[in-house]
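Notes for the one structure printed next.
The values are calculated or read from the model by the stated rules, or taken from the named source; none is laboratory data. If you're wondering where the values come from, they're calculated on a predicted model, not measured in any experiment. Virtual Cβ from ideal backbone geometry, glycine too; neighbours counted across all protein chains shown. The accessibility values were calculated without ligands, DNA or RNA, using every heavy atom of the protein model including side chains. Shrake-Rupley method; radii C 1.70, N 1.55, O 1.52, S 1.80 Å.
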Amino acid sequence: MKPKYYITTPIYYPSGKWHIGTCYTTVVCDALARFKRMDGYDVFYLTGTDEHGQKIEKYAAQAGTDPKTFVDGVVGELKKLWSKLNVKYDKFIRTTDEEHEKAVQKIFQKLYDQGDIYKSEYEGWYCTPCESFWTKTQLKDGKCPDCGREVQLTKESSYFFRLSKYQDRLIKLIEEDPDFLQPKSRRNEMLNNFLRPGLQDLAVSRTSFKWGVPVPFDDDHVIYVWIDALSNYITALGYGSDNEELFKKYWPADVHMMGKEIVRFHSIIWPAILMALGLPLPKKVYGHGWLMFGNDKMSKSKGNVVDPFILSDRYGVDSLRYYLLREIPFGADGSYTNYSFLARINSDLCNTLGNLLSRTTAMVNQYFGGTLPTEREGTEFDRELEEKINGVADKVRGFVDELQAPEALAAILDVAERANKYIDETTPWLLAKDPDKKARLSNVLYHLLEALRVVGKLLLPFLPDTGNRILSDLGLHDDGTFDGLTFGAVQYGKITKGEALLKRIDINKELVEMEKLAEPKEEKKEEPKVEQKPQNNAPKSHDEGPKPEILIDDFAKVELRVGKILTAEKVEKSKKLLHFTVDTGDRVRSIVSGVAKYFTPEEMVNKEVVVVANLKPATLGGVLSEGMILFAENEEGLATVEPGKPVGGGATVC
Ligand code: MSP
């Protein structure tokens, strides 16, 4: 019997405000679910929508309609987005599903009957966007400590859940089971900020609005939306219904995945409810970081969103999936820029993967008419590539088990990179000129096909279209398993020389196009125009005299990082500007400096320099600049400012 694997995303607010940050949790879980399915697990992947609460009631009123009509429309849009992004879930639950509502009422009733829920008076502060209650001392500058927005003083009669009763068990759980809550930083946050200072009982009903599941024994109250929402993880499996078969089969969840801002609900309130219900706890709660835009979380209210439909229509669904899965260090925040998106596609999907596929299939066609002769001559030199091919599946499996998608993809791409290098080392074009080397040539090309096959298969969960495309060019298809991921497992028929996997992007031109496509941002009107004065472009006199005194807080606003210069080149049509790509640890940035007079591009490569990392991006000489490299200046010219010893891109300067 296959082992079971139950994975969930949070259920989404049907706000209609989708952006690539919203897609993050779902795409990551989709890749994990697909991987586990291929790896022999019986997977149940759940997602859905969180449709009740004051916030949705407000959205509906703004749209001039009733809440149910409003959510019905928006849920359709969300499903279209998941289908567009190739997300393959096993169930989409809506909290307005009758079966869910009934089960939530049963849960509430049970907790009330056994004394875990009691009635009292609630006085406190409510944040509607987060649907969260706060005490006065928990507020930050009088605002919601989670999102920083206004809160309303609320005084209502309310039912309370005895959360405080579960405090000691929750502390023990988080302290003693390191697997339960990950990454580690979230554990410390929950223990130090919430659990150890002491839990208060939680208000779990509201009387000030109607859009929610009614408390079964009190018509004036609706059930608090987070109790309603969290229960979806078990009601989706039929808990509390006439048929609990799925629940018996799949519960407890193997992974609840979510963004870090809602870890508190999943690692404190949810396990406490499960403890009260006498049910097993989820095996893992994982709080990933945010996709940021500059220094802010990407969110519609901040007007900094990037539209997933536009990106996937223009660059392909797999380009967007690849970016989300590969670029953002899992568990930490990652900053989106158009440049980092395009650079990732070019370097990994076009250069590494696309080149390997097109060079290999072209050579098999050119030298052997598409079909490799079976006579092959191997050498010791082939072993390294063979070992890489043989070792990659276990490596990737290990990373997936740790929920590290970026590392898993890096390991797959590493095989493709090694295979590209193998082409340069074995020089098939020279072998092709020598009639005695036919068997050697055939063996070299066979190695490349094998590398591509294993890469293509392992890519299927992450980039389904790309994986399928690679396999189909090799005359193979997805058999739904990871069988045969070792070198030599397959003999090939006719190899197709297909279209290029992806067209290489002219990044500078495309950045201009992307600006045109960007949604008009509301705040833009008030924003001062980005200063186009080139950073470091024309170093002024080296001594401009003393500047006014500043406070340490002013200096603290400047984010200084060490950046390793990866590439350097002259900016076309400019005598002054050099264009660098710089690894600053958080990402690879495009930075333009007006220093062509002082340095050649070659001497700058591999230098570790100091970068002002939080400078507003600007376009210099038609090229995006996302930061400023610091230089020291005297009468003789400029010198780079470098750490005293190599410290690596990403070290902070303090
Ligand atoms: N409805 C609640 C969840 C209830 S679960 C019982 C909710 N919904 S949400 O629509 O606001 O968020 C859904 C998911 O999208 C969350 O995992 C959230 O962290 C994620 N993201 C929304 N914006 C994001 C980024 N900018 N970056 C990464 N993930 C983000 O919360």
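Round to a whole angstrom and tell me the spacing of the C-alpha centers of region 344-398 and region 47-107.
Taking the Cα centre of region 47-107 as reference, the centre of region 344-398 is 45 Å away.
Please report how far the C-alpha centroid of region 152-196 lies from that of region 462-496, rounded to the nearest whole angstrom.
If we compute the Cα centre of each part, the gap is 47 Å.
At 37 °C and 0.692 mPa s, what whole-number value in µm²/s does Stokes-Einstein give for the translational diffusion of the chain, with Rh from the Kirkwood sum over Cα pairs?
The estimated diffusion coefficient comes to 118 µm²/s.
Name the lysines eligible as straight-distance cross-link partners of residue 68: C-alpha to C-alpha under 23 Å, and not fewer than 8 places from it in the same chain.
In chain and number order, the partners are 17, 55, 58, 79, 80, 91, 102, 106, 210, 300.
Compute the angle between helix 355-368 and the longest alpha-carbon principal axis of the chain, please, reported from 0 to 90 degrees and rounded to the nearest 10.
50
Calculated from DSSP H runs of 4 or more alone, at -39500 (n - 2.57) each and per residue, what is the 222 nm mean residue ellipticity of the chain, nearest 500?
-11000 deg cm²/dmol
Using a 1.4 Å probe and counting only protein heavy atoms, arrange 125, 429, 251 so the residue with the most accessible area comes first.
429, 125, 251
Could you order the peptides 129-136, 438-445 from most to least packed, using the average number of other C-beta atoms within 10 Å per residue?
Descending mean neighbour count gives 438-445, 129-136.
Starting from the residue with the highest accessible area, list 376, 561 in decreasing order, probe 1.4 Å.
Largest accessible area first, the residues go 376, 561.
So how much accessible area does residue 56 have, in Å² to the nearest 10, using a 1.4 Å probe?
0
In square angstrom, what is the accessible area per residue of the chain with a 1.4 angstrom probe?
For the chain, the per-residue accessible area is 45 Å².
Once you place label points 7 Å from the Cα toward the Cβ at residue 417 and residue 633, how far apart are they in nm?
That separation, rounded to one decimal, is 3.7 nm.
Per 10 Å bin, what is the whole-percent P(r) computed from every C-alpha pair distance within region 1-125?
With a bin width of 10 Å, the distribution comes to 11, 31, 31, 20, 6, 0.
Restricting to lysine pairs 8 or more places apart or on different chains, what number in region 340-524 have Cα atoms under 26 Å apart?
For region 340-524, the number of qualifying lysine pairs is 29.
What does the charge dipole of the chain about its Cα centre add up to, to the nearest 20 debye, if the Cβ of each Lys and Arg holds +1 and the Cβ of each Asp and Glu holds -1?
Dipole of the chain, to the nearest 20 debye: 560 debye.
Quick one, can you get me the convex hull of the C-alpha atoms of region 49-120 expressed as volume per residue in Å³?
So the per-residue hull volume is 126 Å³.
Could you tell me, in Å, what Rg and Dmax come out for the Cα atoms of region 323-444?
For region 323-444, the Cα radius of gyration and maximum Cα-Cα distance read 17.6, 55 Å.
Keeping all protein chains in place and using 1.4 angstrom, which order do 421, 570, 388 fall into by accessible surface area, from largest down?
570, 421, 388
Tell me which aspartates and glutamates have Cα within less than 18 Å of residue 547's Cα, excluding those fewer than 8 residues away on the same chain?
Within the straight-line cut-off, residue 547 pairs with 633.
Tell me, what is the FRET efficiency for residue 165 and residue 188 to the nearest 0.05, using R0 = 25 angstrom and their Cβ-Cβ distance as r?
Computed FRET efficiency for residue 165 and residue 188: 0.60.
Using protein chains only and a probe of 1.4 angstrom, how many square angstrom of residue 231 are accessible, to the nearest 10?
Solvent-accessible area, nearest 10 Å²: 0 Å².
For region 602-653, what is the charge dipole size about the Cα centre, in debye to the nearest 20, if Lys and Arg each add +1 at the Cβ and Asp and Glu each add -1 at the Cβ?
Using Cβ point charges on Lys, Arg, Asp and Glu, region 602-653 gives about 320 debye.
Tell me, what is the 1.4 Å probe accessible area of residue 168, in Å² to the nearest 10?
Counting only protein heavy atoms, the figure is 110 Å².
Tilt of helix 67-84 relative to the longest C-alpha principal axis of the chain, in degrees (0 to 90, nearest 10)?
For helix 67-84, the angle is close to 20 degrees.
So how much slack lies between residue 146 and residue 615, counting 0.36 nm per residue of separation and subtracting their Cα-Cα distance, in nm?
Extra length from residue 146 to residue 615 when fully extended: 166.3 nm.
Could you tell me what percent of the accessible area of region 541-640 is made up of carbon and sulfur, with a 1.4 Å probe and every protein chain present?
Carbon and sulfur: 53 percent of the exposed surface of region 541-640.
Just how many % of Cα pairs in region 340-524 lie over 31 Å apart, if you round to the nearest whole percent?
Of all Cα-Cα pairs in region 340-524, 22 percent lie more than 31 Å apart.
Over region 340-524, what percent of the accessible surface lies on carbon and sulfur atoms, probe 1.4 Å?
Accessible surface attributable to carbon and sulfur in region 340-524 totals 50 percent.
Compute the long axis of helix 317-327 from its Cα atoms, compare it with the longest principal axis of the Cα atoms of the chain, and write down the angle in degrees, 0 to 90, nearest 10.
Long axis of 317-327 versus the principal axis of the chain: about 90 degrees.
Let me know the whole percent of all Cα-Cα pairs from region 158-301 that are separated by more than 18 Å.
Cα-Cα pairs in region 158-301 separated by more than 18 Å: 62 percent.
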